[in-house]
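Quick notes on the structure that follows.
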Amino acid sequence: HPHIQCRHRWVRKSLEINYEKFYYQGQMDKEVRQKLKYAEFKIRNLENEECYALNKDGSVIINKGGNNNSIYFDGKEADLLINKVDVFTHNHPKSSSFSFTDFKTANSCEIERLRVISKKFSYEILFNSYLDENELFNLDILRVDKTAEWVRKISKRFDKAIERFLKKNNRKSLTKEEESFIFYRKNCIITHLVWKDLAKANKKFIYARWIL
């Protein structure tokens with residue numbers, strides 16, 4: 001909601017969107033870069049998730065849509081992802097960062113570059129190498145701990161912002177629209193901060209987020 005503002009730098013509502021901006025980590029072939037940029041431009045604003053899986057020369061191996069929070073792959077489609085995909089990108093309609101399912105799928109299929117794009121952000125995980133089952137389990141435990149930690153911290157900041165907002169506008173409660181906005185905004189912030197911490201703890205991948 002445009003009138004609810006938290007003073008913390010992570011909670012910025014007014015963002016200029018520039019679709020000419022295209023960010024990535026490391027090196028990327030020019031042909032792949034152009035095809036990826038075009039694919040992401042097409043799916044960035046969709047209400048449901050859609051993915052593109054590209055090989056090393058930029059050819060599309062899979063382009064498939066799903067619902068508002070997931071994409072289902074059957075056995076044949078899943079087989080196409082294993083050791084054949086260099087870049088996997090998809091949109092998150094609510095602008096959150098990666099789910100752990102996103103990460104596990106990319107890790108098990110040995111996808112080099114995993115991306116999420118949305119109306120406000122681009123996210124990327126670039127694998128240096130891949131995690132074994134034990135490392136993946138430990139990372140998931142850390143993810144749970146970090147999520148709980150950031151939920152506590154961010155919720156306190158939002159609670160203070162909401163209190164100021166209600167007091168300023170002489171109101172007792174938020175509307176359902178405002179509550180929905182806050183829920184998804186918090187999730188967006190928390191998932192980003194969790195992945196930042198996970199990448200610091202494990203050197204087999206690097207993580208980045210860019211504001212558009």
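Can you tell me which residues in the range 157-188 are hydroxyl-bearing (Ser, Thr, Tyr) and outside any helix (DSSP H, G or I)? Residues satisfying the conditions are 173, 175. Taken over the range 120-135, the criterion of being within 17 Å of residue 211 (Cβ to Cβ) and either assigned to a helix (DSSP H, G or I) or in contact with a strand residue (DSSP E or B) (Cβ under 6 Å, 6 or more places away or on another chain) (or both) is satisfied by 121, 122, 123, 124.
Among the residues of the range 150-202, which ones are among the β-branched types (Val, Ile, Thr) and either within 16 Å of residue 92 (Cβ to Cβ) or open to solvent by 50 Å² or more (accessible area, probe 1.4 Å) (or both)? Correct list: 151, 175, 189, 190, 191, 194.
Screening residue 206 with (1) in a strand (DSSP E or B); (2) buried (at least 16 other Cβ atoms within 10 Å of the Cβ); (3) not small (Gly, Ala, Ser) gives one miss only, at (2). The residues of the range 36-66 that are among the hydroxyl-bearing types (Ser, Thr, Tyr) and closer than 20 Å to residue 123 by Cβ, listed by number, are 38, 52. Among the residues of the range 64-98, the one identified as open to solvent by 50 Å² or more (accessible area, probe 1.4 Å) and among the aromatic types (Phe, Trp, Tyr) is 72.
For the range 25-41, give me each residue that is open to solvent by 70 Å² or more (accessible area, probe 1.4 Å) and more than 11 Å from residue 117 (Cβ to Cβ).
Hits for the range 25-41 are 27, 29, 30, 31, 34, 35, 38.
When you check residue 138 against the structure, is it at positive phi, of a type in the set (S, T, N, Q) and surrounded by fewer than 16 Cβ atoms within 10 Å (Cβ to Cβ), yes or no? Answer is no for this residue.
Just to be sure before I move on: is residue 143 within 24 Å of residue 182 (Cβ to Cβ), open to solvent by 50 Å² or more (accessible area, probe 1.4 Å) and touching a helix residue (DSSP H, G or I) at 6+ places or on another chain (Cβ under 8 Å) in the structure I sent? So residue 143 fits the description; yes. Scanning the range 42-63 for residues that are over 18 Å from the mean Cα position of the chain (by Cα) and open to solvent by less than 30 Å² (accessible area, probe 1.4 Å) yields 54, 58, 62.
In the range 116-137, the residues that are charged (D, E, K, R) and at pLDDT below 95 form Cβ pairs under 8 Å with partners that are buried (at least 16 other Cβ atoms within 10 Å of the Cβ) and outside any helix (DSSP H, G or I), at six or more places apart or across chains, as follows: 119/44; 119/95; 119/212; 120/95; 120/212. Considering the range 99-122, the residues that are small (Gly, Ala, Ser) and farther than 15 Å from residue 49 by Cα include one that is surrounded by the most Cβ atoms within 10 Å (Cβ to Cβ), namely 106. For residue 64, the conditions (1) out of contact with any Cys (no Cβ under 7 Å at 6 or more places or on another chain); (2) over 21 Å from residue 188 (Cβ atoms); (3) free of Cβ contacts under 8 Å to residues at least 24 places away in the same chain all hold with the exception of (1).
The values are calculated or read from the model by the stated rules, or taken from the named source; none is laboratory data. This is a predicted model, so every value here is computed, not measured. Positions of Cβ are generated from backbone atoms using ideal geometry, with glycine treated the same way; all protein chains shown enter the neighbour counts. These accessible areas exclude ligands, DNA and RNA; they are computed on the full protein's heavy atoms, side chains included. Shrake-Rupley method; radii C 1.70, N 1.55, O 1.52, S 1.80 Å.
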